[in-house]
Each structure stands twice: as C-alpha cells, then as structure tokens.
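Derivation of every value follows stated rules applied to the coordinates shown; laboratory data play no part. Please read all numbers here as calculations on a predicted model, not as lab measurements. In this analysis, Cβ positions are derived from the backbone assuming ideal geometry, glycine residues included, and neighbour counts consider all displayed protein chains.
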C-alpha cells in the first residue's frame, strides 16, 4: 500500500494546483494535483508533455476512466467511492493508482482491508 503524508513515512509531496503558473511554482519531483473539470484536459496534457507526474481528484466512474486515459499517475478519491474505483482499476488493468483521501490512521487500516492502492492524509496536500 502506498502511504502519502504520514509523519513517519518519507514520500513525495502533493501540491494542489489550478493552472500552469501554479505548476511552475511546485518543487521538482513533486506530484501536482488538480480537480477534474473543464480545464483538466489542458493541465493533464501540459503535465504529460513536460514529464510531470499528476493526480486528478475524481468523483465518479466517468471521471475515473477519463483520468486514466489522460495518463494520470493517481486518482484521488473520497469515501466509499474508493472501493468501486479500485475494482474498476483492477478490472481494466489501469496504470493509474487509486488513492483514498483520509483524515486518520484508522481510515488507513480500513483502506488496506479493502485493497485500496494507497492513501493520502488530506491535511498534507499542499496548496500553491
């Protein structure tokens, strides 16, 4: 299981961005995160062209499927959608990993029991 944002584990940092200007402000080797939406395609394309790892926050199956085709490294999901997203990712052999946003270590254990690829502590996602 991938674990991001735990105080006892060294891992890449995630930075929430809204546009290309924000991306330019992120440190090297970080993961940029943005919401799935109207401008997402352009940000995903920019990241791919510049060999930047990126994650998309997705809310439903349609967004999950599209994010995978855009080359996202991670799909950030919330709540009960994580299990459904994980099943779809496994069924279709996604390269993208499903990452559940969590608040506590207790949720980390639950995610592990449900076979989720990874977790990120919500309060550790940085904002530009």
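For first residues located in segment 69-85 and part of a helix (DSSP H, G or I), partners that are surrounded by 14 or more Cβ atoms within 10 Å (Cβ to Cβ) and lie 6+ apart or on another chain with Cβ distances below 7 Å form the pairs 82/98; 82/100; 82/111; 82/116; 85/64; 85/75; 85/77; 85/98. For segment 103-117, a residue qualifies if it is assigned to a helix (DSSP H, G or I) and either in contact with a helix residue (DSSP H, G or I) (Cβ under 6 Å, 6 or more places away or on another chain) or farther than 15 Å from residue 7 by Cα (or both), and the qualifying residues are 107, 109, 110, 111, 112, 113. Checking every residue in segment 118-127 against the condition of being within 18 Å of residue 69 (Cβ to Cβ), touching a helix residue (DSSP H, G or I) at 6+ places or on another chain (Cβ under 9 Å), touching a residue at least 40 places away in the same chain (Cβ under 8 Å) and in a strand (DSSP E or B) gives zero matches.
One residue stands out in segment 19-43 among those that are touching a strand residue (DSSP E or B) at 6+ places or on another chain (Cβ under 9 Å), over 17 Å from residue 98 (Cβ atoms) and touching a residue at least 24 places away in the same chain (Cβ under 8 Å): the one that is surrounded by the fewest Cβ atoms within 10 Å (Cβ to Cβ), namely 25.
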